[in-house]
Amino acid sequence: MKRTLLYLTPLLVAYLAGCTKKTPVTNYQSPSFAGTYSAAFVRLHTNQTTGKSDTVTANLTLTMDAAGNFTVTGDTTQHAGSYGTYSLGYTDDLIFTDKTLPATGTPTKSHLSGDYLYTNATNALGLKKVVGDSILYTYYLTKTN
């Protein structure tokens, strides 16, 4: 009798587990970034020696398509006009590959390149990138179409 109960116990557990309430599966939809966004770009640099900050701003237009391409136009006095590709990273980040970024050296203007944390609302897109402990790049963009 004990041997029969020993063999029936796993079947009973499996049966009872099948009767429990199941959580419905939720399919996560990737956000769509396609569209044209306009607003300010801000680069905040803190001098590590003096502790003083200098801020650079520029009004930009960022155009992103569904195929993963982007262009940056607008006030290119402080920020480079550029183009390239973007992709969704693993956790709340967008990765931009700027095809106009110089292969060597430090560029004279800021480029939309690298890994940015993003916030995405219905008609807005925020991008943020911290480099080291002294430079912060932010884009607060409003979708125009």
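The values are calculated or read from the model by the stated rules, or taken from the named source; none is laboratory data. Fair warning: this is a prediction, and the values are worked out from it, not measured in the lab. No Cβ is skipped: glycine too gets one built from the backbone with ideal geometry, and neighbour counts run over all protein chains shown.
Here are the numbers for this structure:
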{"item": "Test: Val56 is hydrophobic (A, V, I, L, M, F, W, C), at pLDDT 85 or above and either under 19 Å from Thr138 (Cβ atoms) or crowded, with 16+ Cβ neighbours inside 10 Å (or both)", "result": "no"}
{"item": "Every pair of residues 6+ apart whose Cβ atoms lie under 7 Å, when the first sits in region 65-90 and is within 15 Å of Leu127 (Cβ to Cβ) while the second is among the aromatic types (Phe, Trp, Tyr) and at pLDDT below 90", "result": "His79/Phe41"}
{"item": "Condition check for Thr36: part of a helix (DSSP H, G or I) and either modelled with pLDDT of 85 or more or not aromatic (Phe, Trp, Tyr) (or both)", "result": "no"}
{"item": "So Asp115, is it part of a strand (DSSP E or B) and either loosely packed, with under 15 Cβ neighbours inside 10 Å or acidic (Asp, Glu) (or both)", "result": "yes"}
